[in-house]
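The values are calculated or read from the model by the stated rules, or taken from the named source; none is laboratory data. Keep in mind the model is a prediction, meaning the values are calculated, not measured. Ideal geometry is used to build each Cβ from the backbone, glycine not excepted, and the neighbour counts take in all protein chains shown. Only protein heavy atoms, including side chains, enter the accessible area calculation; ligands, DNA and RNA are left aside. Shrake-Rupley method; radii C 1.70, N 1.55, O 1.52, S 1.80 Å.
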Amino acid sequence: MFEAEDGPGGLAGSVIDDEGFTWDLGGHVQFSHYERYDRLLDRALGDAWLHHTRTAAIRVLGHDVPYPFQHHLEALPPRERQWAAETLAAATGRPVDDSFAAWMDATFGEGICALFLRPYNRKVWQHPLEDMSAAWLGERVARPRAEDDAPRSDWGPNATFRYPVRGGTGAIWKGVARLLPDTIVRTGCRVVGIDPEGRRITLADGEVVPYDTLLGTMPLDALVACLPDSSPAVKAAAARLVANTVELVGVGVGLPADEAMRRRTWMYFPEADSPYYRVTVLSNYAASNAPDAASYSLLTESAHPRAERVDRDALVEATCRALERDGLLPRGAPIRSLWHRTLAHGYPVPTRGRDDALATLHAALAPFGIHTRGRFGGWKYEVSNQDHSLMQGMEFVEHWLHGVPEMTYHSPADANRTYHRG
């Protein structure tokens, strides 16, 4: 196994800065659809887990609406509440096409879409919603609750979650790596070339390694760029794969968190005056994520199209101003740490042309023993959580060795049923 970074984890890694704050590479929490996955993580970390109940909200018009938004319209101001309820009742349920935009309009009506769903999803995906497929949704977007149902905040698989006592999310994957023989995993080994005819890969240090069957988890467009003389059809298919870039800003605050802050897990910010779409109170996940009890930590996530470049200093400054305005950072509070990281590949965007592009690429690569899985190797957002990604690897090996059908990558709907067995 060749890992380009200096340690395991990839986008699920963690960093400890010079001030002692632990920063995850995104707002990760640990929940699962697989007993096998849970058992493996139990082996990796033993009982070094903390257990939490989600306390999430959406900031709309200065009001904190409990998550999921569409189940808590009563938290909106009266005029917006009436608008959202009336347009929800009038929603046809019949999308005009297979796009995400059409599905939202038909399912929720104008009010909910205008107040939350459209601005939030534009902010995250950084791609026209009309060009996104609705096929990825599954359990990712809560459906409207029935009129007679009481509001609930426990919707979804991450309503409860667990988190490592120490070391952030990255501690999980360091623990998993320790379960493997030392000779299996080689870190700091970046693949720069793939010879499909000769079945060899070339590493950045010049080493050439033969392969029989290659399972690639590097971004699929980057893998295609490593191939010499790819056909125009393969290059065009890789170019049709869309991802956003995510900017992470961590703010270590030199004050104890107040009672309201200690109750939060994360918040969503759909409106344009906040540069981030999500803020996680990371020190609430584990006390060890902050250096001491006299501090707390906020992890913000912003997104932009991959072609754009962001001024790091301007983003950090805008983030701190917005955190003050949004009431998450007390005005004048001492800042103990400012941390920033760019994730060039943030989210694989489920565009309407994605599946055709993937079919072209898989058909071109498979004859040379090259297969791709994982968050960006597989490029399927609907099965790109940590549990999905690990299970894709396990299932591929079992398919390769024993002919066992792969369920997660090829059957996302089945994979997202809690406790898929196998």
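Take the residues of the stretch 86-125 that are in a loop (DSSP other than H, G, I, E, B) and of a type in the set (A, V, I, L, M, F, W, C): which is most open to solvent (accessible area, probe 1.4 Å)? First the steps, then the outcome.
In the first step, residues of the stretch 86-125 are kept if they are in a loop (DSSP other than H, G, I, E, B); the result is 91-98.
Right, trim to of a type in the set (A, V, I, L, M, F, W, C) and you get 91, 96.
Working: Ala91: 30, Val96: 131 Å².
Going through the qualifying residues, I end up with Val96.
Test Asp387 against the criterion of being at pLDDT 95 or above and more than 25 Å from Met218 (Cβ to Cβ), and give yes or no. Show your work before the answer.
Values: at pLDDT 95 or above: yes; more than 25 Å from Met218 (Cβ to Cβ): no.
The answer is no for Asp387.
Tell me, please, whether a residue that is farther than 30 Å from Ser283 by Cβ, in contact with a Lys or Arg (Cβ under 8 Å, 6 or more places away or on another chain), open to solvent by 30 Å² or more (accessible area, probe 1.4 Å) and modelled with pLDDT of 95 or more can be found in the stretch 366-374. I'd like the intermediate steps shown before the answer.
Start the filter on the stretch 366-374 by keeping residues that are farther than 30 Å from Ser283 by Cβ, which leaves 366-373.
Cutting the leftovers down to in contact with a Lys or Arg (Cβ under 8 Å, 6 or more places away or on another chain) gives us 368-369.
Narrowing the set further to residues that are open to solvent by 30 Å² or more (accessible area, probe 1.4 Å) leaves 368.
So of that shortlist, the ones also modelled with pLDDT of 95 or more come out as 368.
Within the stretch 366-374, one or more residues are farther than 30 Å from Ser283 by Cβ, in contact with a Lys or Arg (Cβ under 8 Å, 6 or more places away or on another chain), open to solvent by 30 Å² or more (accessible area, probe 1.4 Å) and modelled with pLDDT of 95 or more.
On the basis of being assigned to a helix (DSSP H, G or I), under 29 Å from Asp182 (Cα atoms), open to solvent by less than 30 Å² (accessible area, probe 1.4 Å) and at pLDDT 95 or above, does Ala44 make the cut? Give the steps one after another, and end with the answer.
Numbers: assigned to a helix (DSSP H, G or I): yes; under 29 Å from Asp182 (Cα atoms): yes; open to solvent by less than 30 Å² (accessible area, probe 1.4 Å): yes; at pLDDT 95 or above: yes.
In short, yes.
Which of the numbered conditions does Trp49 fail, given that it passes all the others? Conditions: (1) open to solvent by less than 30 Å² (accessible area, probe 1.4 Å); (2) closer than 16 Å to Ser389 by Cβ.
Trp49 satisfies all of (1) open to solvent by less than 30 Å² (accessible area, probe 1.4 Å); (2) closer than 16 Å to Ser389 by Cβ except (2).
Give the residue that is farthest from Val383 (Cα to Cα), with candidates limited to residues of the stretch 1-35 that are in a strand (DSSP E or B) and open to solvent by 40 Å² or more (accessible area, probe 1.4 Å).
Step one: of the stretch 1-35, the residues in a strand (DSSP E or B) are 2-3, 14-16, 22-24, 30, 34.
Adding the requirement that they be open to solvent by 40 Å² or more (accessible area, probe 1.4 Å) leaves 2-3, 16.
On the way: Phe2: 22, Glu3: 21, Ile16: 28 Å.
For the stretch 1-35, the residue satisfying everything is Ile16.
Take the conditions of a type in the set (D, E, K, R), open to solvent by less than 60 Å² (accessible area, probe 1.4 Å) and either at pLDDT 95 or above or not in a strand (DSSP E or B) (or both) and apply them to Asp221. Does it pass? Full working, then the answer.
Working: of a type in the set (D, E, K, R): yes; open to solvent by less than 60 Å² (accessible area, probe 1.4 Å): yes; either at pLDDT 95 or above or not in a strand (DSSP E or B) (or both): yes.
Against the criterion (of a type in the set (D, E, K, R), open to solvent by less than 60 Å² (accessible area, probe 1.4 Å) and either at pLDDT 95 or above or not in a strand (DSSP E or B) (or both)), Asp221 qualifies.
Cβ contacts < 8 Å: first residue over 14 Å from Phe2 (Cβ atoms), restricted to the stretch 191-213; second residue open to solvent by less than 40 Å² (accessible area, probe 1.4 Å) and among the acidic types (Asp, Glu), any location; separation 6+ or different chain. Result?
none
Out of the stretch 232-262, which residues are assigned to a loop (DSSP other than H, G, I, E, B) and either modelled with pLDDT under 95 or under 22 Å from Arg321 (Cβ atoms) (or both)? Walk me through how you get there before you give the answer.
Taking the stretch 232-262 first, the residues assigned to a loop (DSSP other than H, G, I, E, B) are 240-242, 254-258.
Within the stretch 232-262, Gly254, Leu255, Ala257, Asp258 qualify.
So if I check each of Thr213, Thr245, which one is surrounded by 15 or more Cβ atoms within 10 Å (Cβ to Cβ) and of a type in the set (Ser, Thr, Tyr)? Spell out how you get there, then give the answer.
Numbers: Thr213 fails: surrounded by 15 or more Cβ atoms within 10 Å (Cβ to Cβ).
Within the list Thr213, Thr245, the selection yields Thr245.
With in contact with a Lys or Arg (Cβ under 9 Å, 6 or more places away or on another chain), modelled with pLDDT of 95 or more, buried (at least 19 other Cβ atoms within 10 Å of the Cβ) and within 26 Å of Ala142 (Cα to Cα) as the only criterion, which of Val65, Val60 stands out? Step through it out loud before you land on a result.
On the way: Val60 fails: in contact with a Lys or Arg (Cβ under 9 Å, 6 or more places away or on another chain).
Residue meeting the stated conditions: Val65.
Need pairs with beta-carbon distance below 8 Å; first residue under 15 Å from Tyr347 (Cα atoms) and outside any strand (DSSP E or B) and within the stretch 299-320, second open to solvent by 40 Å² or more (accessible area, probe 1.4 Å) and at pLDDT 95 or above; sequence gap 6+ or separate chains.
So the pair list comes out as Arg306/Ala344.
State the number of residues belonging to the stretch 377-393 that are open to solvent by less than 10 Å² (accessible area, probe 1.4 Å) and either among the aliphatic types (A, V, I, L, M) or touching a residue at least 60 places away in the same chain (Cβ under 8 Å) (or both).
At the first step, the residues of the stretch 377-393 found to be open to solvent by less than 10 Å² (accessible area, probe 1.4 Å) are 377-379, 383-384, 387-388, 391-392.
When the remaining residues are screened for being either among the aliphatic types (A, V, I, L, M) or touching a residue at least 60 places away in the same chain (Cβ under 8 Å) (or both), the result is 377-379, 383, 387-388, 391.
Summing the residues that are open to solvent by less than 10 Å² (accessible area, probe 1.4 Å) and either among the aliphatic types (A, V, I, L, M) or touching a residue at least 60 places away in the same chain (Cβ under 8 Å) (or both) in the stretch 377-393 gives 7.
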